[in-house]
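Working notes, beginning with the structure itself.
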Amino acid sequence: MAVQNAAREQVVSTAVREISHIATLPEITMRIIQLVEDPTSTAQDLHNIIAKDPALCTRILKVVNSAFYGLPGQIGSINRAIVLLGLNAVKNIAIAASLSKLFKGGQLTPNFSAKDLWVHSVAVAAGTKMLADRLKLGLSDEAFLAGLIHDIGIMVELQYDRNKLVEVVERCAPEPDSPAPASDFLATELQVFGATHQDFGTALCDKWKFPRSFAFVTGHHHAPLELAPETRLLTCLVHVADRLAADTTNGFRLDLPDTTISPAVFDELKLSNSDIDEVRTKLPEQLDAARTMLS
């Protein structure tokens, strides 16, 4: 087992190292992450960085004024946006804007395109935020970003060895008239790549120096209860939103044999059927708002 784990880690580290020139967040985004993680930073410090990037300023103001946030009145200054949203929310908006540029690429096979994965990721982001808001957890922006990056490991696979990803996708392609994959996606990834998109996603989060909670999400969204109880909340939210998004919207879902929500995760989050029904009903509308915001 130790030898297998070492080989798996070697595959992942090689992949992330080799794609580092592609899968790189802009320098300004990395600086924003570092600044916000520093407890001594102020709103003025953040403003000083953002003000040097007019395109990012424009994007942040567009997001703040979008229907997704539903704030009253038009906000015309970055300072005001930072005050209203907080440093962490502005950091997450900057990351989300950067991520949208990574999900580029045409139709890889009839069963996969980066655009489909992006649509699914945005739907999971919207669903995770809605669940967090519904449960009054106070983590709206963190939840949105967690949903957005949960499958980022598949983009690592695409950029590292697209032929292997084509093989995985084709082996898992659903039968006609069935949305379910023909083979287990994670098991197939393990056979073809020697690691799964969860492994690759965790490694990329580590490279980008994201908070540990995001590495947990990318690495365990298929089995959140494997995590210690005190670290699994965000991952459980994404786990549920992943299935709701696959049920409700068009987009990537080859890694989900079915969309049943685990009763144990249901209990872990103390969700009710009305919570799920509410999110399921409103998700298409929220997806439209989120896509407009990130376009």
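What follows is calculated from the coordinates using simple rules that are stated; it is not laboratory data. A quick note: this is a predicted structure, and the numbers were derived from the prediction, not measured. Glycine also receives a Cβ, built like all others from the backbone with ideal geometry; neighbour counts cover every protein chain displayed.
Overview of values
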item: Reachable lysines, given that their alpha-carbon falls under 19 Å from the alpha-carbon of residue 115 and they are not under 8 places away in the same chain; result: 101, 104, 164
item: Sorted by Cβ density within 10 Å, fewest first, the residues 166, 217; result: 166, 217
item: Share of alpha-carbon pairs per 5 Å distance bin for the range 24-101, given as whole %; result: 3, 16, 31, 27, 16, 7, 1, 0
item: Structure-based [θ]222 nm, the chain - -39500 (n - 2.57) summed over DSSP H runs of at least 4, per residue, nearest 500; result: -20500 deg cm²/dmol
item: Ellipsoid semi-axes in whole angstrom, largest first, where each is sqrt(5λ) of the Cα gyration tensor of the range 91-139; result: 26, 14, 4
item: At least 18 Å along the helix axis (C-alpha) and Kyte average at least -1.0, DSSP helices within the chain; result: 2-18, 87-100, 114-134, 233-248, 273-294
item: Shape box of the chain [Cα atoms, principal axes, largest first, Å]; result: 50, 45, 38
item: C-alpha center-to-center spacing [the range 162-222, the range 266-294] in angstrom; result: 23
item: Order of 38, 275, 177 under a 10 Å beta carbon neighbour criterion, fewest first; result: 177, 38, 275
